[in-house]
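The values are calculated or read from the model by the stated rules, or taken from the named source; none is laboratory data. This is a predicted model, so every value here is computed, not measured. Counting neighbours? That spans all protein chains shown, and the Cβs are built from the backbone with ideal geometry, glycine included. Please note that ligands, DNA and RNA were not included when accessible areas were found on the heavy atoms of the full protein model with its side chains. Shrake-Rupley method; radii C 1.70, N 1.55, O 1.52, S 1.80 Å.
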Amino acid sequence: MLLSRCDQTGMTTHSLDLAEALVRKGVDLTILIGYRKSESEIADRLYRRFLNTGAKIVAVKPPERNSRSKLYSAASFVANTLIRGGLIHVQSPYLSWIPWLIRRKFVSTFHVNELHPCFYYKNATHLIAISNETRDYAKRQFGYGDEEITIVNHGVSGRFVQTLSATDRISRRKELGLPAGKLLLLLVGSIEPRKGHDILLQAVSLLPDSLREKVHIVFLGSDKNEDRSNQRWLDYEIEKSGLHDSVTHFEYQSSELFYKLCDIFVLPSWLEGFPVVTIEAMLSGNLCIRSDAEGAREQITDGATGFIFPKGDSRSLSRILEKVICDDRLRIDISAAGQKYAMKHFTADVMAENTIAVYRKTIQS
């Protein structure tokens, strides 16, 4: 498995969950991962998790920016490692030129509809699309045929199903400075406009005063830009909304506890693939509300296992929030239905079984 970086992205956490499940099912797995020791506290923590998956981990030092010789050196090391055998699974699509160059069969996962034709991207022997939308985009943009693509939805670890006691929930909220008596609305995602933090702020600001006082917004995520421009954008949007006393922002860290402390998960993104954060939240028992960006209707049946609203439509989101804030029974019932659906369709074990089927198909092709 090829992964270019060990960082705070859905691609990394997806690769972790998949690796753990593949090893449990008897796959002899080696992961070549871009990692520079002590690059950051987050990278170090994620790398330690990879070491605990049971897979063989080979760290490849990422080349410095604009360093062509180091890029070729890293690529040469990866290619020489791959020549020794085994089916190749490319998680980071712009590494696909390496197995292509050494003429090896390989599987590649298409994570989001942002890829464009270039030298570094080569069509896989077989493509894993994570949603109907990513499959259709791959066919249009790269000319894949139906027989060359299999949809494998993301799945996540069963640890998200574990719950906290009511006492622990109150205690941990207090430790983090979160209000004990309010409904917590959670958005997990990197700080950038495409994630739609401003849409959630607008939706909450549109609520009647009596309902707005019942909720508190929790943002979990970091600005990956060195100049912190996205953080300044978010600070401005919070100030503009008038909700600065009703928002708590935490830098990126393990999200598991936050799902267990919060009540409603909202993902107002403009662009996605098949976001793992939604299914992590569903498994954790959160009521999930998300935009109709990619993967929405594969994850949620609107009004039955969660709610879907048109992307960018803060008024529609506000109406949904008003409904579920006012009706405790509705919120609890739909949360339970969403969790049951996710446990059946979106676990790491289901994802691994479907991925292994793709591996077998590719080997036999």
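Where nothing but the Cβ of Lys and Arg (+1) and of Asp and Glu (-1) is charged, how large is the charge dipole of segment 142-241 around its Cα centre, in debye to the nearest 20?
With Lys and Arg at +1 and Asp and Glu at -1, about 660 debye.
When the chain is fully extended, how far beyond the present Cα-Cα distance does D28 get from S165, taking 0.36 nm per residue of separation?
Gain on extension, D28 to S165, equals 45.5 nm.
Near K139, which aspartates and glutamates are there with a Cα under 13 Å away, not counting those fewer than 8 places off in the same chain?
E147, E148
Once the Cβ-Cβ distance between K139 and E41 is put in as r, and R0 is 45 Å, what FRET efficiency do you end up with, to the nearest 0.05? Kindly include the intermediate steps, with their values, before the conclusion.
Working: r = 40 Å, r/R0 = 0.90.
Result of the calculation: an efficiency of 0.65.
Cα axis of helix 132-142 to longest principal axis of the chain: angle in degrees, 0 to 90, nearest 10?
40 degrees
Tell me which of L234, I130, A293 sits at the most positive position along the dipole axis of the chain, charges placed on C-beta atoms (Lys, Arg +1; Asp, Glu -1).
I130
So how tilted is helix 166-175 from the main axis of the chain? Cα-based, degrees 0 to 90, rounded to 10.
Here the helix axis deviates by roughly 80 degrees.
Could you tell me the accessible area of H126 in Å² (1.4 Å probe, neighbours in place), rounded to the nearest ten?
My reading of the accessible area for H126 is about 10 Å².
Roughly how many Å² is the accessible area per residue of the chain, as a whole number, for a 1.4 Å probe?
It amounts to 45 Å² per residue over the chain.
Residue separation times 0.36 nm, minus the C-alpha to C-alpha distance between V58 and N123: what's the value? Display every interim value, and only then the final one.
Values: separation 65, 0.36 × 65 = 23.40 nm, distance 2.46 nm.
Taking V58 through N123 to full extension adds about 20.9 nm, to one decimal.
If the elastic network links every pair of Cα atoms under 10 Å, which of G242, G85, G295 fluctuates the most in the Gaussian network model of the chain?
Result: G85 has the largest fluctuation of those listed.
Given a 1.4 angstrom probe, I'd like the percentage of the accessible area of the chain that is carbon and sulfur, rounded to a whole number.
49 percent
Residue-wise, which Karplus ³J(HN,Hα) couplings in Hz belong to segment 296-311, taking 6.51 cos²θ - 1.76 cosθ + 1.60, θ = phi - 60°, and x for glycine or proline?
My calculation for segment 296-311 gives 4, 7, 7, 8, 10, 8, 4, x, 10, 10, x, 9, 10, 10, x, 4 Hz in order.
Using the Karplus curve 6.51 cos²θ - 1.76 cosθ + 1.60 with θ = phi - 60°, what ³J(HN,Hα) values do you get for each residue of segment 147-154, in whole Hz, with x for Gly and Pro?
So the J values, rounded to whole Hz, are 6, 9, 10, 10, 7, 10, 5, 4.
What label, among (1) 64, 40, 40; (2) 61, 55, 42; (3) 71, 59, 40, belongs to Cα extents along the principal axes in Å computed from the structure on display?
(1)
Sort T125, T109, T167 from largest to smallest accessible area, using a 1.4 Å probe on the heavy atoms of the protein chains. List each step's numbers first, then the result.
Working: T125 55, T109 5, T167 105 Å².
From most accessible down to least: T167, T125, T109.
Amide H neighbours of I88 under 5 Å, at least 5 residues apart or on other chains, H built in the peptide plane: list them.
Residues meeting the amide H criterion: V107.
Given H placed 1.01 Å from N in the peptide plane, which residues other than close sequence neighbours of C288 have an amide H under 5 Å from its amide H?
F265, F307
List the relative contact order of the chain as a percent without decimals, with contacts defined as Cα pairs under 8 Å and 6+ residues apart.
Over the chain, the number comes to 17 percent.
Rounded to the nearest 20 debye, what is the charge dipole size of the chain about its Cα centre when +1 sits on each Lys and Arg Cβ and -1 on each Asp and Glu Cβ?
1180 debye
With each run of n ≥ 4 DSSP H residues scored as -39500 (n - 2.57), what mean residue ellipticity at 222 nm is computed for the chain after dividing by its residue count and rounding to the nearest 500 deg cm²/dmol?
-13000 deg cm²/dmol
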